[in-house]
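Student: Dropping the structure in here first, questions after.
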Amino acid sequence: MQYEAVIGMEVHVEINTKSKIFCGCSTNFHAPPNTNVCPICLGMPGVMPVLNREMVNKSIAAGLALNCTISRWSKMDRKNYFYPDQSKNYQISQYDLPLCLGGWLEIEVNGGPKRIGITRAHMEEDTARNVHTLGGGRSGVDFNRCGMPLLEIVTEPDIRSADEAYAYLTELKQILQYLDVSDCNMEEGSLRAEANISVRPVGTTSFGTKTEVKNVASFSGVQKAIEFEIKRQIKTLNEGGAVMQETRGWDADRGITFTQRQKESAHDYRYFPEPDLVPIVVDAAWEQGVAESLPELPQARRARFAKDYGLSAYDAQVITASQDYADYFETVARSGADPKQAANWMMGDLQALLVDAKQEIQDGLITPSHLSNMLKLIEDGTISGKIAKDVLADMFASGKQPEAIVREKGLLQISDSAALEGIVRRILADNPKQTAEFRAGKEQVLGFFVGQIMKATQGKANPKLVNDILRRELGA
Amino acid sequence: MSTISKKDVDYVAGLAQLHLSDAETNRLVEEMGTILEYIEQLNELDTSGVEPMMHALEVTNIFREDEVTPSLDRDAALAVAPLHDGEYYLVPKILDNGDGGSA
Amino acid sequence: MTAWHQKTAHEIRDAVAKREVSATEITRSYLERIETVDDKVQAYTQVWRSEALAQAEAVDRKAASGQALGPLAGVPVSLKELLCTREGETTCASKILKGFKSPYDAHVVQNLKAADAVLLGKVNMDEFAMGSSTENSSIQRTCNPWNLNCVPGGSSGGSAASVASDCAALSLGSDTGGSIRQPAALCGCVGLKPTYGRVSRFGLVAFASSLDQIGPFSKDVRDAALALNVISGRDPLDATSANLPVPDYTAALTGDMKGLTVGMPIEYFTEDLNAEMRGLIQNAVEVMKAQGAKVVDISLPHSKYSVAVYYIIATAEASANLARFDGVRYGFRHPGAQTLQEMYHLTKTEGFGTEVKRRIMLGTYVLSSGYYDAYYLKAQKVRTLIKQDFDRAFEQCDVIITPTSPTAAFEFGAKTTNPLEMYLSDVYTISTNLAAIPGISVPCGLTAAGLPAGLQILGRVFEEAAILRAAHAYEQHHGLAMGKPALA
């Protein structure tokens, strides 16, 4: 039997406000244990939460970017359960009236667009971190993370493959980073993805029994875990077995999912409205204010880069991967440099230098004006593309402008035909065998001569001129 | 609805993380039954179309600005804890079943 | 001359301001009084002798240096065990918080300190404010100063008893369903529950967050107004605290009731009300009429449902509010707990008393899967109806009067075997909290048994001034020889 996968994603994103969702403690991830804590996030007796306005602003921005309807009237609720990662043994979350409802996000699937429905996005507080490595039969609790602002984004069961899930996560992360609402750092846990996976015979519409895969540390891990899980479920069914509803973990080393928790009786969270907080009313003016402050989102930017700058779909995708990268490109392109050349240099040599140095483009010494000026030097024939590679490396190390480097190092391209003619004649005279071969019709030998001439000029010869003179001298 | 069974009481005690003796359970079956029976009188009222009073006052949109304020000194925080190691609050070993974090 | 401990807060404040007496002398007088009578009354759970004297000395230094004194300069105050204080412990009269030292002061405590009040210590209560007799305290049994065999009421029984026995000039308590007004009535002092949101709840250990409100106990109405001036106002740490200006409530005390219309709920003055209580209220009505009040009948048709609504909403909120007491971050943890589950189970089982567990169970049940709509949602809808009753009533009148409690103080153990009967002793006070309106209890005479009775006056939201004016006018003109409890 042919099966198809039905997948829904739940993503928890830590919103990058300066202070926690309900108190003034810092959200700095790197603080020593239990130093970003106060009576409020520790759930001490007699204290109350007060909602961070910026959390609401950033959540509205995320909701709008995901094409959600922003609720005019929403509220916070208490979700009751006992666990040592909780400071109050209830979590303040949103139950039946979340801030954002009913949106979608578009991904590319097999070269075409596909919309993944967003069921809801709601605000809640993060929980504490439990530490299991202390020994002595005890676990430790670090409440620094407790009360960090979280946005939980839930999709419809619209995803049909591991690749689609990967594309969804990538696009979501890009959008949230563009909005500057989260750094989406999976290693630091500021983005956590869970997948609900089931399979069903192709052509049917009811859902199979789902498993939930949690605690995966990377997007590619999620992709692999889903892939594995789909195969596992199909195999189970084909062998006459049944899929059990359960939570499964991902063992990255062995490349398998494994049972973490069997289904117990359904959770009974006893949600009720949080009496310590007042309702949140987002009127049209508030929503519009946030909408107007939204930056251009990745999808729109990709389309515009392809149209305005003639980038290929692939190049546009790479160039817009991060907002800083795209901003960099756009600055270079707008300065009059050739956009395609700019993209090639950014994705090629410059990227290689950045990766080696573990730097981000916005932090390097090569500013957009450096790159733009260098591209102009190539265009007007002052330097060759080959020399430009050296200039780039020099700029990367020194931060000097390309003109200065060319001047100081005498890298000006030799465009003097008289000087070049002499060199060409000497090379031809020194290599009679190759000259004869060329004249006999072996065109490839031309490359050999160009190489020799470049070597003799330390790469400074104007390649176009060299070509012209060579052909003339060879009588081609 | 007004009758509450021993099974119900056990279930609720589980949710509330209370450990009840048999005597306590039996007493609660009776007492909660009496109170719930009293509460039943609300069913006399037709409340269709009545908005629930979810908040005591009609106030909305009270926020704090996103400003960092000083945290509690860790020693002061841990000083009132039953068990700690100077860095972490300590609890009996959590058998991690993947259910940690926001469920 | 009257001893200082018998005087009112405003008398003390005036005398200290005029430097007729030092705050230290006042404080000593109260500490002595506590030493003399509190072993009988048992209102205090902690007496902060040296801290109180140090505060008093600071006030005296301030006075000596010519600085302006706060509005409660030198006034000795007691605090209910559930108000967080850096001084002493904050236990809520529960074993689960025994020894808990709060790292912060409640908002109202900060205000008291800023007003130059002197904090004498903490007073007893029903555990986590759950009760109407203060019998549910894990610490001690507080007696009614008028009859030591009787309860002081509750849950703020210690607050009422400390003021009634002249062991404090003022006390702060909390009121979730009557916990200020009922003990004030039973002990013969004034007790005020402000409008929900009038006073910040920051540092008040929560019982039912949508109903809890802090308020003062005092020897007269003027003192209640004075205390309300000090504790009211917006607090950025309590999102439900009202962003409204705080008027000078003492300015409302005109001494008459001209132009005020007083409503009497027909539902409350039925055959069910005992004759003695009805007589006392009727006398009060005559006094009010004589002071220029117009008295009309009003109707609160849904009031009979208020106890049922209250025990759903209050217990539901409490079941969540009390979940944090788990032995992880503060308070008691059972030493025998080996596993996580045992930590929760043993800590809560050992740490909470019977009534608290009963309410946690009830609150958990009404929120549990499948019952939310039938109980919690239903209760919130009926709460709307109860509030609408008051809205309509206040179109016809400015204040509403009722008895505070159906009976005067009862003997220890009289209602402990039947929780529902205990709950019903709050029948007149509970709807006030549900409707979020302010209410005050003012003494209205003694029963044949020599026990005080209370008259309750309710007003529109944030119109504390109206009920204070009515209570004050009544107090000035009732002509009752209330006397003092016959403690040694």
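No lab work stands behind these numbers, since they all come straight from the coordinates. This structure is a prediction, so every number in the text was calculated from the model and none was measured. Here the Cβ is made from the backbone with ideal geometry for all residues, glycine too, and neighbour counts use every protein chain on show.
Student: For chain A, what does the helix formula give at 222 nm: sum of -39500 (n - 2.57) over DSSP H segments with n ≥ 4, over the residue count, nearest 500 deg cm²/dmol? Before the final figure, lay out each step's value.
Tutor: On the way: 16 runs with 185 residues, N = 476.
Here the helix-only value at 222 nm equals -12000 deg cm²/dmol.
Student: Follow-up. Below 8 Å, C-alpha to C-alpha, sequence gap of six or more: please give me the relative contact order for chain C in percent. Show your work: numbers first, answer last.
Tutor: On the way: 1202 pairs, mean separation 86.6, N = 488.
It rounds to 18 percent for chain C.
Student: So, one more: Find the relative contact order for chain A and round it to a whole percent, using C-alpha pairs within less than 8 Å whose residues are 6+ positions apart.
Tutor: On the way: 846 pairs, mean separation 65.2, N = 476.
For chain A, the relative contact order is 14 percent.
Student: Would you give the gap between the C-alpha center of the stretch B:1-70 and the C-alpha center of the stretch C:394-440, rounded to a whole Å?
Tutor: Each part reduced to its Cα centre gives a spacing of 21 Å.
Student: Given a cut-off of 26 Å, name the pairs among C:LYS80/C:LYS381; A:LYS79/C:LYS348; A:LYS114/A:LYS173; A:LYS173/A:LYS400 whose C-alpha atoms lie farther apart than that in the structure shown. List each step's numbers first, then the result.
Tutor: Working: C:LYS80/C:LYS381 32 Å; A:LYS79/C:LYS348 20 Å; A:LYS114/A:LYS173 17 Å; A:LYS173/A:LYS400 35 Å.
Pairs exceeding the cut-off: C:LYS80/C:LYS381; A:LYS173/A:LYS400.
Student: Mind checking the mean number of beta-carbon atoms from other chains within 10 Å of the Cβ atoms in C:165-172? Walk me through the numbers on the way to the answer.
Tutor: Details: counts 0, 0, 0, 0, 0, 0, 0, 0.
That average works out to 0.
Student: Can you tell me the relative contact order of chain B? Whole percent, Cα pairs under 8 Å, sequence separation 6 or more. Numbers along the way, then the final one.
Tutor: Numbers: 30 pairs, mean separation 19.0, N = 103.
It comes to 18 percent, rounded to a whole number.
Student: A further question follows. Kindly rank C:34-44, A:48-58, C:322-332, A:295-305 from highest to lowest mean number of other beta carbons found within 10 Å of each residue.
Tutor: Working: C:34-44: 20.0, A:48-58: 22.9, C:322-332: 26.0, A:295-305: 17.9.
Taking the mean over residues of other Cβ atoms within 10 Å, the ranking is C:322-332, A:48-58, C:34-44, A:295-305.
Student: May I pose another question? Using a cut-off of 15 Å between beta-carbons, work out the net charge of the residues near A:LEU99 (Lys and Arg +1, Asp and Glu -1, A:LEU99 not included).
Tutor: Working: positive: A:ARG53, A:LYS58, A:ARG72, A:LYS75, A:ARG120; negative: A:GLU54, A:ASP77, A:ASP96, A:GLU124, A:GLU125, A:GLU152, A:GLU274, A:ASP283, A:GLU287.
Overall, the nearby charge balance is -4.
Student: Using only atoms on other chains, find how many Cβ atoms lie within 10 Å of each Cβ of peptide A:11-22 and report the average. Let's see the in-between values first.
Tutor: On the way: counts 0, 2, 0, 0, 0, 0, 3, 4, 6, 3, 2, 2.
The shielding value for this peptide is 2.
Student: Rounded, prolate or oblate, given the Cα gyration tensor of the stretch C:229-306, with a/c below 1.5 counting as rounded? Walk me through the numbers on the way to the answer.
Tutor: Working: a/c = 2.74, a/b = 1.51, b/c = 1.82.
Oblate.
Student: Where does the protein assembly as shown land on the Kirkwood hydrodynamic radius, alpha-carbon pairs, in angstrom? The partial results should precede the final answer.
Tutor: Values: mean 1/r = 0.0301 Å⁻¹.
Every distinct Cα pair counted, the radius reaches 33.3 Å.
Student: Along each of the three principal axes of the Cα atoms of the stretch A:296-409, give the extent in whole Å, ordering the values from largest to smallest.
Tutor: Largest first, the stretch A:296-409 extends 43, 31, 19 Å along its Cα principal axes.
Student: So, by mean Cβ neighbours within 10 angstrom, what's the order for A:198-207, A:117-126, B:56-65 with the highest one leading?
Tutor: By packing density, highest mean first, the sequence is A:117-126, B:56-65, A:198-207.
Student: Something else: What whole number of Å gives the distance from the Cα centroid of the stretch C:301-335 to the Cα centroid of the stretch A:337-371?
Tutor: If you average the Cα positions of each part, the centres end up 61 Å apart.
Student: Sticking with this structure for a sec: Using alpha carbon centroids, what distance separates the stretch A:73-119 and the stretch C:31-63, in Å?
Tutor: The stretch A:73-119 and the stretch C:31-63 have Cα centres separated by 54 Å.
Student: Another one. If I model chain C as equal point scatterers sitting on the Cα atoms and use the Debye formula, what is log10 I(q)/I(0) at q = 0.06 Å⁻¹?
Tutor: So the normalised log intensities work out to -0.24.
Student: Net charge within 15 Å of A:ASP327 by Cβ-Cβ distance, Lys/Arg positive one each and Asp/Glu negative one each, not counting A:ASP327 itself?
Tutor: For residues surrounding A:ASP327, the net value is -3.
Student: Compute the Cα gyration tensor for chain B, then decide on rounded, prolate or oblate, letting a ≥ b ≥ c be the square roots of its eigenvalues: rounded whenever a/c is under 1.5, prolate when a/b is larger than b/c in the other cases, and oblate in all that remain.
Tutor: On the way: a/c = 2.81, a/b = 1.34, b/c = 2.10.
It comes out oblate by the Cα gyration axes.
Student: May I ask you to order C:170-179, A:177-186 by the average number of other C-beta atoms within 10 Å around their residues, highest value first?
Tutor: Numbers: C:170-179: 31.0, A:177-186: 19.0.
Highest-to-lowest ranking by the protection proxy: C:170-179, A:177-186.
Student: For chain A, place one equal point scatterer on every Cα, skip the solvent, and apply the Debye formula. What is log10 of I(q)/I(0) at q = 0.09, 0.12 Å⁻¹?
Tutor: Debye output, listed in q order: -0.77, -1.10.
Student: Within straight cross-link reach of C:LYS40, meaning Cα distance under 17 Å, which aspartates and glutamates are found once same-chain residues fewer than 8 apart are removed?
Tutor: C:GLU32, C:GLU135, C:ASP166, C:GLU411
Student: While we're here: Greater than 20 Å separation of Cα atoms is the criterion. Which listed pairs, A:LYS20/A:LYS58; A:LYS340/A:LYS389; A:LYS433/A:LYS460; C:LYS193/C:LYS219; C:LYS98/C:LYS357, meet it? All intermediate terms of the calculation are to be shown ahead of the outcome.
Tutor: Details: A:LYS20/A:LYS58 13 Å; A:LYS340/A:LYS389 17 Å; A:LYS433/A:LYS460 26 Å; C:LYS193/C:LYS219 15 Å; C:LYS98/C:LYS357 17 Å.
From the list (A:LYS20/A:LYS58; A:LYS340/A:LYS389; A:LYS433/A:LYS460; C:LYS193/C:LYS219; C:LYS98/C:LYS357), the Cα-Cα distance tops 20 Å for A:LYS433/A:LYS460.
Student: I would also like to ask the following. Picking from B:ILE94, B:LEU45, B:GLY14, whose Cα lies most toward the positive end of the charge dipole for chain B (charges on Cβ: Lys, Arg +1; Asp, Glu -1)?
Tutor: Positive-most Cα among the choices belongs to B:ILE94.
Student: Take peptide C:327-337, look around each residue's Cβ out to 10 angstrom, count Cβ atoms belonging to other protein chains, and average those counts.
Tutor: On the way: counts 4, 16, 20, 12, 5, 1, 5, 1, 2, 0, 4.
That works out to 6 on average.
Student: Could you work out the pair-distance distribution P(r) of the stretch C:4-252 from its alpha-carbon pairs, with 5 angstrom bin width and percents rounded to whole numbers?
Tutor: Going out from 0 Å in 5 Å bins, the stretch C:4-252 shows 1, 8, 16, 20, 21, 18, 11, 5, 1, 0 percent.
Student: Further, regarding this structure: Antiparallel as a % of all DSSP beta bridges within the protein assembly as shown, to the nearest 5?
Tutor: Values: 90 of 111 bridges.
Here the antiparallel bridges make up roughly 80 percent for the protein assembly as shown.
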